[in-house]
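The values are calculated or read from the model by the stated rules, or taken from the named source; none is laboratory data. These numbers were taken from a predicted model, which means no experiment stands behind them. Here the Cβ positions follow ideal geometry from the backbone for every residue, glycine too, while neighbour counts run over all protein chains shown. Each accessible area value is taken on the protein alone, full model and side chains, heavy atoms only, with ligands, DNA and RNA left out. Shrake-Rupley method; radii C 1.70, N 1.55, O 1.52, S 1.80 Å.
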Amino acid sequence: MMKFIITLLISFFCYLSVFANELPDLGDSSQLIISAKEEQAIARAILKEVAVSPEIVQDIEVIDYLRNLGDRLVAYSPNKRQQFNFFVVNESSINAFAMIGGVIGVHTGLILASNSESEVASVLGHEIAHVTQRHLPRMIAQQKNDSIKTVLGIALALLVARANPQLSAGTMTAASAMGAQKQLDYTREHEKEADRVGFQILTDAGFDGRSMVSFFNTLQRGSRFSEGAAPSFLRTHPITTDRISDISNRVKESRYRQIPDNPDFIFIKSKLRASNGTPQSAVDEFEGSIKDKRYMNEASERYGLAIAYMRKSDFVRARQEVEWLKTNTKKNALIETLGCKLEVSTNQPVQALNHYLKALNIYPNYRALIYGLAEHYLMTNEPEKSIRLINEKLNTYPEDSYFYELLSKAYAKEGKELLQYQAQSEAYYRKFNLSRAIEQMEFAAKSKDGNFYQKSIVESRLKQLKFEHSLEDIKDKK
């Protein structure tokens, strides 16, 4: 986690340093400090690190769950033009943070500590509000009378505070003790504003408004989660009696409604739990909870146990749990995907294919299933089927870098160099790595195969990539 934070800080500092050269002498608008285009440039720099960091959860089911939840909330945010990107950090502490450019990170510890999907949604709504209300740019803009060095220092402190409160104290001190205190006071004002806006987003999106208060209570019992210290979220988002009272009053004024949890929420929680620690410790945890009936939902416990068994390569017991789930629960894409993976793990290619095809017939755009079937076709030396599947699904997910990586592998199996390099270039482009994208597209342009039409597309795309790269170079040299 520390390495990821430091990398983000370096990226953020480099971009802010460029922009600082053109800071105005007068004016207090946050737009004058960091424009919308500059915010997106910062967001791309952050997402470039997110795409390759080992500290970021890369499981597509976890990623899509959070993105779908975030997008549902964003649809009810006050700024419909703001772009958002959500990612999950593999970190046990209870935390979430918003960064400039609409990039929002959530720790796995926060998901695990939440008692309902509405509680997770309440945190996301709060973070979305920080972005739409432009709190970070406004904090930076408030320092307009300070030196550029202090502005940058406090900007860095605000960023790191969102991810690591222990680091932020030292950064604040280095920037300016007076400025730090002023920013902390300002942050409390913004926390209340984020609560109000976030609560509205939460309830408008159809979630339980009471969950914001219940999660505040969970956070205040933070000693249960972090050995006597308050959770990270509590330290970076200080909760006061006024804040709790304000939201409680809003809950009383709103219409009561019982919101059932999305089944995916409890399955995702179990999946995260089953991925922690050693395979045996995960097995012991789920076996114990099922034996003693220490659970809110038996199906989610058995789902987690099946994953733990698969981690342990105990496929016989894993199959027993999957069969129990299929007999005793409603159909769910997560369960179907797990069943497909079990067939692959036990080297049952025919059964795996049939399972994937049946599951995709029910859930045609579920990415974990699409990934799995495309990988299965590559494993069984049927690259043409993988290519056909991915090209069909690219209409739904045009920015999916892994689709392009799979295409590249499939074309390599067919010995089609131009298409292989072209696809790999597009994969790098969607990981915000423009230099590598150009390199791969140049390989494609130099390939000996490919028809006139394909070569023309590659040459045109290469010019476009180089043009984008030249614009970045101009910005960097300013």
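Residue pairs whose Cβ atoms lie under 7 Å apart, separated by 6 or more positions or on different chains, with the first residue in segment 108-122 and within 14 Å of PHE199 (Cα to Cα) and without any contact (Cβ under 8 Å) to a residue 60 or more places away in the chain and the second of a type in the set (Ser, Thr, Tyr) and assigned to a helix (DSSP H, G or I), do not occur. Scanning segment 80-91 for residues that are in contact (Cβ under 8 Å) with a residue 24 or more places away in the chain and either among the small types (Gly, Ala, Ser) or surrounded by fewer than 16 Cβ atoms within 10 Å (Cβ to Cβ) (or both) gives a single hit, GLN83.
Apart from one condition, VAL458 fits all of (1) more than 22 Å from LEU47 (Cα to Cα); (2) in contact (Cβ under 8 Å) with a residue 24 or more places away in the chain; (3) not in a helix (DSSP H, G or I); the exception is (3). Please determine, by comparing only the residues of segment 390-399 that are more than 16 Å from GLN422 (Cβ to Cβ) and not aromatic (Phe, Trp, Tyr), which one is surrounded by the most Cβ atoms within 10 Å (Cβ to Cβ). Out of the qualifying residues, it is LYS393.
Considering only residues that are touching a helix residue (DSSP H, G or I) at 6+ places or on another chain (Cβ under 8 Å) and of a type in the set (Val, Ile, Thr), look in segment 49-93 and name the one that is farthest from THR337 (Cα to Cα). Only one residue tops the list, namely VAL74.
I'd like the full set of residues that are part of a helix (DSSP H, G or I) and under 12 Å from SER248 (Cα atoms), limited to segment 201-211.
Result: ARG210, SER211.
In segment 246-262, the qualifying residues are those that are among the acidic types (Asp, Glu) and farther than 22 Å from ALA299 by Cα, and the one that is most open to solvent (accessible area, probe 1.4 Å) is GLU253.
Within segment 61-79, the set of residues being open to solvent by 20 Å² or more (accessible area, probe 1.4 Å) and touching a strand residue (DSSP E or B) at 6+ places or on another chain (Cβ under 6 Å) comprises ARG67 only.
The single residue among LEU465, LEU418, LEU406 that is within 23 Å of ARG367 (Cβ to Cβ) and crowded, with 19+ Cβ neighbours inside 10 Å turns out to be LEU406.
Contact map, segment 192-221: residues that are polar (S, T, N, Q) paired with residues that are crowded, with 22+ Cβ neighbours inside 10 Å and not in a helix (DSSP H, G or I), Cβ distance under 6 Å, separation 6+ or inter-chain. Pairs shown: THR203/GLY209.
In summary, helices (runs of 4 or more DSSP H) completely within segment 212-313 and bearing 3 or more residues that are modelled with pLDDT under 90 occur at 232-236, 241-253.
If the condition is being at pLDDT below 80, of a type outside the set (D, E, K, R) and open to solvent by 20 Å² or more (accessible area, probe 1.4 Å), then segment 34-58 contributes SER35, ALA36.
Condition check: among the hydrophobic types (A, V, I, L, M, F, W, C) and either modelled with pLDDT of 50 or more or open to solvent by 60 Å² or more (accessible area, probe 1.4 Å) (or both). Does ALA180 satisfy that?
Here the answer is no, as ALA180 does not meet what is asked.
In the set (1) over 22 Å from PHE267 (Cα atoms); (2) open to solvent by 40 Å² or more (accessible area, probe 1.4 Å), LYS341 fails one condition alone, (1). Of all residues in segment 279-312, those satisfying the criterion of being open to solvent by 60 Å² or more (accessible area, probe 1.4 Å), out of contact with any Pro (no Cβ under 8 Å at 6 or more places or on another chain) and more than 22 Å from SER116 (Cβ to Cβ) are GLN280, ASP284, GLU287, LYS291, ASP292. Restricting segment 116-157 to residues that are closer than 17 Å to GLU39 by Cα and basic (Lys, Arg), the residue that is modelled with the highest pLDDT is ARG134.
Residues of segment 395-454 that are without any contact (Cβ under 8 Å) to a residue 60 or more places away in the chain, of a type in the set (Gly, Ala, Ser) and either out of contact with any Pro (no Cβ under 6 Å at 6 or more places or on another chain) or closer than 18 Å to LYS466 by Cβ (or both): SER408, ALA412, GLY415, ALA423, SER425, ALA427, SER435, ALA437, ALA444, ALA445, SER447, GLY450. GLY450 falls short on exactly one of the conditions (1) surrounded by fewer than 19 Cβ atoms within 10 Å (Cβ to Cβ); (2) modelled with pLDDT under 95, and that condition is (1). Just one of (1) part of a loop (DSSP other than H, G, I, E, B); (2) aliphatic (A, V, I, L, M); (3) surrounded by 16 or more Cβ atoms within 10 Å (Cβ to Cβ) fails for ALA352. It is (1).
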